[in-house]
Amino acid sequence: MAEVLVFVDHVDGAVRKPTLELLTLARRIGEPVAVALGAGAENTAAALAEHGAVKVLTHDASEYADYLVVPKVDALQAAVEAVSPAAVLVPSSAEGKEIAARLALRIGSGIITDATDIEAGDEGPVATQSVFAASFTTKSRVSKGTPVITVKPNSAAVEAAPAAGAVEALAVTFSAQATGTKVTGRTPRESTGRPELTEAAIVVSGGRGVNGAENFALIESLADSLGAAVGASRAAVDAGWYPHTNQVGQTGKSVSPQLYIANGISGAIQHRAGMQTSKTIVAVNKDAEAPIFDLVDYGVVGDLFDVVPQLTEEINTRKG
Ligand SMILES: Cc1cc2nc3c(=O)[nH]c(=O)nc-3n(C[C@H](O)[C@H](O)[C@H](O)COP(=O)(O)OP(=O)(O)OC[C@H]3O[C@@H](n4cnc5c(N)ncnc54)[C@H](O)[C@@H]3O)c2cc1C
């Protein structure tokens, strides 16, 4: 069976969830071979094996932390040359997409970004994308070279599928460009204790209907009752009620959680562009004609100041 390379996103050996989702998709099109780089790379092996990696190619060097992107591209290229895979899967983070694009260019292959699903096809893997502000769903495949595909978080379920996960050292020679952009400093982001917006399984968002920065506490309480990330519409962000880093939409972040709860958000096309691929969509809006209701699986016509606190209380009660 053909091997499929999966680029591992990890923090000091702790594998992030989108990589485990990639392993689920990789198993549909071949045998997953993981590529883990940097400090703690070998510590990823147990989790990767548990989720289907037959092999884990590892390499550690200070260049991965000290320089931007290119050392990882060099390593992934070395892995492609060593394995001759049927495809290369990379998480659709900003860094992942840059690595994937540079890799595709180097190996003369086509690339598909922001896939939301992958299935096996007669002529190679077929990727699903949601395009033109999520107005269309397309299926496409790479017709030249080794398909390089980046996949959005939450596109597949994490599944246990124990495999050998044999650790092998990857031989990497860094290119002249590898040390071109040095990291000169790092400032840890203040943690909210909530999951990362683009990776969260549940996102609770607030819009203009929240009517003030102080009222976002309601949205945060609902999010915390569900272990969710907090999102915001551009109207709420532009009003200064919530940071731009939390904006969902065309000019914000693109999310694809299992559950998206929109509160006081009308459902403008530019907002939909960033959340339409969510698996289950719930909206709370006092206007029964709001366009968001065309999109939802469950809709509550009501005042969010009545509905959201009751919902939060009910969830907390049932959890308790
Ligand atoms: C180039 C471009 C890019 C853009 N990018 C983005 C983007 O990335 N993300 C984004 O979100 N927007 C984006 N926009 C803006 C977008 O067009 C909308 O203006 C914006 O999404 C509206 O935000 P909203 O739904 O919060 O506000 P509104 O459209 O004003 O809707 C507020 C909703 O809240 C409801 N409401 C009010 N009070 C209550 C209450 N008490 N209880 C319940 N419901 C209540 C109202 O019925 C209404 O439906 C972009 C626009 C442009 C032109």
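Here are a few things to note about the model shown:
- Evaluated with a Cβ-only charge set (Lys, Arg +1; Asp, Glu -1), the range 197-319 carries a dipole of roughly 340 debye about its Cα centre, given to the nearest 20.
- In Hz, Karplus ³J(HN,Hα) per residue of the range 274-279 (6.51, -1.76, 1.60; θ = phi - 60°; x = Gly, Pro): x, 9, 5, 8, 4, 5
- Each Lys or Arg adds one and each Asp or Glu subtracts one; over the other residues with Cβ under 10 Å from the Cβ of H51, this totals -2.
- With a threshold of 28 Å on the Cα-Cα distance, the over-threshold entries among K139/K182; K55/K97; K55/K144 are K139/K182.
- Values of log10 I(q)/I(0), in the order q = 0.14, 0.15, 0.18 Å⁻¹, for the range 3-179 under a Debye, Cα-only, solvent-free model: -0.66, -0.76, -1.12
- Largest GNM mean-square fluctuation among L89, L22, L68, using the chain with Cα springs under 10 Å: L68.
- Taking the Cα centre of the chain as reference, the dipole from Cβ charges on Lys and Arg (+1) and Asp and Glu (-1) amounts to some 500 debye.
- Its alpha carbons considered, the chain gives a radius of gyration followed by a Dmax of 20.8, 61 Å.
- Antiparallel bridges, percent of DSSP beta bridges restricted to the chain (to nearest 5): 20 percent
- Base-10 log of normalised Debye intensity for the range 99-241 (one unit scatterer per alpha-carbon) at q = 0.13, 0.16, 0.21 Å⁻¹: -0.97, -1.16, -1.25
- The range 3-179: relative contact order in percent, alpha carbon pairs under 8 Å with at least 6 residues between: 31 percent
- About the centre of its Cα atoms, the range 87-206 shows a dipole size close to 480 debye [charges on the beta carbon of Lys, Arg (+1) and Asp, Glu (-1) only; nearest 20 debye].
- The mean sequence distance of close C-alpha pairs (under 8 Å, at least 6 residues apart), as a share of the length of the range 197-319, puts its relative contact order at 25 percent.
- Span-like helix ranges in the chain, DSSP H, alpha carbon extent 15 angstrom or more, Kyte mean at least 0.5: 70-83, 216-226
- Put simply, when 284-290, 199-205, 182-188 are sorted by average Cβ atoms within 10 angstrom per residue, most first, you get 199-205, 284-290, 182-188.
- Gap separating the Cα centres of the range 203-280 and the range 1-76, nearest whole Å: 31 Å
- Every helix of 4 or more DSSP H residues in the chain counts as -39500 (n - 2.57), and over all residues that averages to -8000 deg cm²/dmol at 222 nm.
- Among beta bridges identified by DSSP and lying wholly in the range 3-179, the antiparallel ones come to about 30 percent.
- Within the listed set H51, H244, H271, the residue fluctuating most in the Gaussian network model of the chain (springs between alpha-carbon atoms under 10 angstrom) is H244.
Since every read-out is calculated from the coordinates, none of them should be taken as a lab result. Just so it is clear, the structure is predicted and the values come from calculations on it, not from any experiment. Cβ: placed from backbone, ideal geometry, glycine included. Neighbour counts: every protein chain shown.
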